Amino acid sequence: MTRHRIVALLLTVVLAIPVLSSNAQTPVADSIPSEEELEGLQATVWREYAPAGTFFGSEAYDATPVASPIATPTDLSAPIAITVQVRQFDTAENAAAAFERLDAGSEASLATVFSDGTVEITSENLLDIGTQASRVRMDATELPGDVWLEYVTVQHDRYVFFVSSQGSLLMGMPGSDGPDRSLPTVDIATAMTDGDASADAPVFAEDGTSTGGLWSFMLPADDPLLAGVEAIFDSVLFPVPDA
């Protein structure tokens, strides 16, 4: 159980790379731009999801003895962790320009995630999702363990969505095919294009239950695409709230 918690925490750190990069003070060619560098940006919100019981203070975590032994299944796989960001721009033209920069920066950032093991990075344009969309995927093996990660960026009129999700294999038995390595990233991003910003004033809640405004693009907590994870915190990246 302790091992599972540590890995889930590492997953969340990797998923947060686009957020950490966007807050960098020194712009770098092909890096993810900071919020202040995106022309016409009006607001950015961020929601993080993780497996139930991953973090201290959650009921599932506190109810599980720390010394509980890890079961020995055929393959031990960490559940998926998910990050969702929504950006609103003043015009669709500025959203398109931001999409290009965020897409390029996401792909460049994956090249520096791991220095060991075997890393394969693939990218593709996604058709029929929003105004334009793309996916970048990384499959890393021999780390020890395996990690697979996807970044999906979508322009939806004057909004830009960024969705990332990740899974990992801690150990596998010889001769096993291992877990399903598909991820819900594209499906989540597609479902978000069916939503809209709410006319209701946003109500912020750090625990992942914010409502109104851009938060209305987020999937409902009981959506099947979020099976196995729960919202663990919300953040407003732009404009930066007063302390």
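The values are calculated or read from the model by the stated rules, or taken from the named source; none is laboratory data. Fair warning: this is a prediction, and the values are worked out from it, not measured in the lab. Counting neighbours? That spans all protein chains shown, and the Cβs are built from the backbone with ideal geometry, glycine included.
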note = Cβ pairs under 7 Å, 6+ apart or interchain, first in segment 199-210 and at positive phi, second not in a loop (DSSP other than H, G, I, E, B), ordered by first then second residue, are G208/R47; G208/A231; G208/I232; G208/F233; G208/D234
query = Within the set of pairs 6+ apart or on separate chains, which have a first residue in segment 88-100 that is touching a residue at least 60 places away in the same chain (Cβ under 8 Å) and within 12 Å of Q132 (Cβ to Cβ), a second that is β-branched (V, I, T) and surrounded by fewer than 17 Cβ atoms within 10 Å (Cβ to Cβ), and C-beta atoms under 9 Å apart?
reply = A92/T131; A95/T131; F99/T131
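Quick check, is L102 of a type in the set (A, V, I, L, M, F, W, C) and touching a helix residue (DSSP H, G or I) at 6+ places or on another chain (Cβ under 7 Å)?
No; evaluated as a whole, the condition is false for this residue.
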inquiry  = If F99 satisfies all but one of (1) closer than 17 Å to A227 by Cβ; (2) at pLDDT 70 or above, what's the number of the condition it fails?
reply    = (1)
request  = Enumerate the strands (runs of 3 or more DSSP E) found wholly within segment 102-185, keeping only those where 2 or more residues are within 23 Å of I32 (Cβ to Cβ) and free of Cβ contacts under 8 Å to residues at least 40 places away in the same chain.
outcome  = 118-126, 132-141, 146-156
task = Within segment 170-180, identify whether any single residue is surrounded by fewer than 16 Cβ atoms within 10 Å (Cβ to Cβ) and under 19 Å from the mean Cα position of the chain (by Cα), and answer yes or no.
result = yes
